[in-house]
Amino acid sequence: MKIERKDIYFVIGVSVVYCSLSAVFSLTSIILPDKITMINPIEYGSLNIKEIGGHFIWGAVAAFVTLRVRYILLGGLLAVLIDSDHLVGLLHIEGIPRMSHSITFAIIATVVLMLVFSRKDYRLGTIVGTSVLTHISYDIFDGPYGFPILTPFVNTIIQLPRIDWLVFEIAAIVIIGVSSFIITKKETVQKSTSTQ
Ligand SMILES: [Zn+2]
């Protein structure tokens with residue numbers, strides 16, 4: 001496993017786009033029904049070193065199965081940066097808390113990031129999609145928390161049992177592991193046919 005300069009640019013680029021997307025997505029909640037006035041996340045101390053470190057480790061551990069430094073770093077970073085959906089809370093306007101903790105955000109982020117960076121980078125797609133799982137996993141572990149998982153279709157906050165942290169983390173590891181295995185196998189076949 002090694003890291004080159006182009007990997008660092010890639011990791012920074014993906015992180016910036018993902019972070020902005022999550023922040024913008026949180027703002028869409030101001031037009032949704034069931035919105036509420038939110039508490040400033042800094043006031044109740046949700047942005048601390050323990051939370052940032054926890055999210056990074058949960059994301060990086062799941063992404064480790066790719067055995068590639070750029071995706072391991074992204075696994076950790078995206079699981080932290082999804083919390084830029086606190087933007088709507090920081091602005092003290094009415095909205096829905098934790099908008100990006102949802103299936104819709106996972107799908108939108110995967111599509112947008114692959115369109116922007118590489119349509120064929122399926123590893124990137126998997127890391128982006130599962131970042132929502134690893135993030136929610138740590139939130140529940142540290143919780144108890146509820147999330148608007150089905151927003152914008154159902155805008156109520158759905159409470160999850162604490163044991164689900166394990167289910168979400170294992171699901172992420174399995175999804176990344178299986179897809180990495182298939183992608184690596186395909187790449188090996190392509191390489192061997194092109195050298196023949
Ligand atoms: Zn969170």
Please report the Cα spread of region 5-195 along all three principal axes, rounded to whole Å, starting with the longest. 61, 33, 32
Helix 103-117 sits at what angle to the longest principal axis of the chain, using alpha carbons and giving 0 to 90 degrees rounded to 10? 40
Quick one: if you stick a label point 7 Å off each Cα along the C-beta vector at residue 50 and residue 170, how many nm between them? 2.6
Residue 114 neighbourhood, Cβ < 9 Å, K/R = +1, D/E = -1, net charge +1
Compute the helix-to-body angle for 49-63: its Cα long axis versus the longest principal axis of the chain, expressed 0 to 90° and rounded to tens. 40
What is the percent carbon and sulfur in the accessible area of region 5-195, measuring with a 1.4 Å probe over the protein chains and ignoring ligands? 74
Nearest-0.05 FRET efficiency for residue 158 and residue 9, computed from C-beta distance (R0 22 Å): 0.05
Whole-number percent relative contact order across the chain, with pairs defined as alpha carbons under 8 Å at least 6 apart: 24
Once the Cα atoms of helix 164-195 and of the chain are each reduced to a long axis, what angle between those two axes, in degrees from 0 to 90 to the nearest 10, is obtained? 30
Which whole-number value in Å² is the accessible area per residue of the chain, probe 1.4 Å? 52
State which entries of 6/50; 50/120; 2/120; 35/120 exceed 27 angstrom in Cα-Cα distance in the structure shown. 6/50; 50/120; 35/120
Rg(Cα) of region 63-157 divided by 2.2 N^0.38 Å? 1.12
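The values are calculated or read from the model by the stated rules, or taken from the named source; none is laboratory data. This structure is a prediction, so every number in the text was calculated from the model and none was measured. In this analysis, Cβ positions are derived from the backbone assuming ideal geometry, glycine residues included, and neighbour counts consider all displayed protein chains. Only protein heavy atoms, including side chains, enter the accessible area calculation; ligands, DNA and RNA are left aside. Shrake-Rupley method; radii C 1.70, N 1.55, O 1.52, S 1.80 Å.
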